[in-house]
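The values are calculated or read from the model by the stated rules, or taken from the named source; none is laboratory data. Everything numeric in this text was worked out from a predicted model, so none of it was measured. Backbone-built Cβ (ideal geometry, glycine too); neighbour counts: all protein chains shown.
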Ligand code: HEM
């Protein structure tokens, strides 16, 4: 309190064009008579006073810098937490939103299309960039689309990004325009959940999310001669095991594709398909596609125990 008063008075003294020696006197007055020891020269006191005031100013500005840095640090942690949906405070998220991935920004500005389609592609990219970015930022969370709504994201509706779904999860695949866009080799995957085809490889018959019975493609074919190596009880047990393994293979293959789109630096997970509870029962039970049927093999001979 005394120092602040001293500085104010010192400032006033300087305003009045008084020599620095007045400040030293003030110091002595403020500190009291006990401090006015002989042998301490006036000019030295004045210098000490100025140094002290300067030190205080420095300490003040250092404190301000510390405050700003602390604020920035906390703001950064908060922003990271919000953007990563609670995954990380330090931007160490495994699945960064696409607009934080350098590959995504690079892909927006590097054009790989022939000159004739350059303008069209650029428009498309700018429009999809704006709409996906805005959608994502404004919504601040996953989007939910019905199968019907998703079909508008297949590349035919101008200004819409390209979406596809696997196992009910929607991904933005606008960066794979040459594959999923109109005329692309995998265009049939855009605008729908074709989970079954990702496993069966039947890109015409199986463009559906219905996975029922697909494990059949991994089941061995019965053969009277080979199967006679097992008793009927053993065969029942073996078939139950085979069915279990076949289901696991379907699950693993589908998971491979979900992981592929989730972890790809080019694509972003944007939401989920909105479905009625009984959506599956309302579909006709699918048949195994011909090429998957054709690939099935007979059971191998019994191994010696
Ligand atoms: C179950 C079977 C298959 C599935 C589900 C499948 C799926 C896919 C998908 C989703 C992509 C796009 C990858 C990306 O976005 O980067 C792709 C790309 C590709 N696939 Fe397949 N694929 C299958 C079989 C095959 C087969 C048998 C071949 C070759 C004969 C093949 C050749 C290719 C090629 C060349 C690309 C790159 C396409 C391009 O750059 O335009 N795929 N595949």
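Remark: residue 150 falls outside the filter, which requires a residue to be closer than 20 Å to residue 259 by Cα, touching a strand residue (DSSP E or B) at 6+ places or on another chain (Cβ under 8 Å), surrounded by 14 or more Cβ atoms within 10 Å (Cβ to Cβ) and at pLDDT 90 or above.
Somewhere in the stretch 259-266, is a residue surrounded by fewer than 14 Cβ atoms within 10 Å (Cβ to Cβ) and outside any helix (DSSP H, G or I)?
No, because not a single residue in the stretch 259-266 is surrounded by fewer than 14 Cβ atoms within 10 Å (Cβ to Cβ) and outside any helix (DSSP H, G or I).
In a helix (DSSP H, G or I) and surrounded by 16 or more Cβ atoms within 10 Å (Cβ to Cβ): does that describe residue 215? Here the answer is yes, as residue 215 does meet what is asked.
For the stretch 198-211, a residue qualifies if it is surrounded by 12 or more Cβ atoms within 10 Å (Cβ to Cβ), part of a loop (DSSP other than H, G, I, E, B) and either in contact (Cβ under 8 Å) with a residue 40 or more places away in the chain or out of contact with any helix residue (DSSP H, G or I) (no Cβ under 7 Å at 6 or more places or on another chain) (or both), and the qualifying residues are 201, 202, 205, 206, 208, 209, 210, 211.
Checking each residue in the stretch 165-191 for being under 18 Å from residue 253 (Cβ atoms) and in contact (Cβ under 8 Å) with a residue 40 or more places away in the chain picks out 165, 166, 167, 168, 169, 171. What's the number of the condition residue 273 fails, among (1) within 24 Å of the chain's Cα centre (by Cα); (2) under 23 Å from residue 200 (Cα atoms); (3) within 16 Å of the ligand (Cβ to nearest atom)? Residue 273 satisfies all of (1) within 24 Å of the chain's Cα centre (by Cα); (2) under 23 Å from residue 200 (Cα atoms); (3) within 16 Å of the ligand (Cβ to nearest atom) except (3).
Given the conditions (1) surrounded by 15 or more Cβ atoms within 10 Å (Cβ to Cβ); (2) within 15 Å of the ligand (Cβ to nearest atom); (3) free of Cβ contacts under 8 Å to residues at least 24 places away in the same chain, and given that residue 239 satisfies all but one, which numbered condition is not satisfied? Result: residue 239 fails condition (2) only. Among residues of the stretch 276-297 that are free of Cβ contacts under 8 Å to residues at least 60 places away in the same chain, none has a Cβ under 7 angstrom from a residue that is surrounded by 14 or more Cβ atoms within 10 Å (Cβ to Cβ) at a sequence gap of 6+ or on a separate chain.
For the stretch 190-197, the count of residues that are away from the ligand (no atom under 12 Å from the Cβ), touching a strand residue (DSSP E or B) at 6+ places or on another chain (Cβ under 9 Å) and assigned to a helix (DSSP H, G or I) is zero. In this entry, residue 182 is excluded by the filter for residues that are modelled with pLDDT of 95 or more and within 10 Å of the ligand (Cβ to nearest atom).
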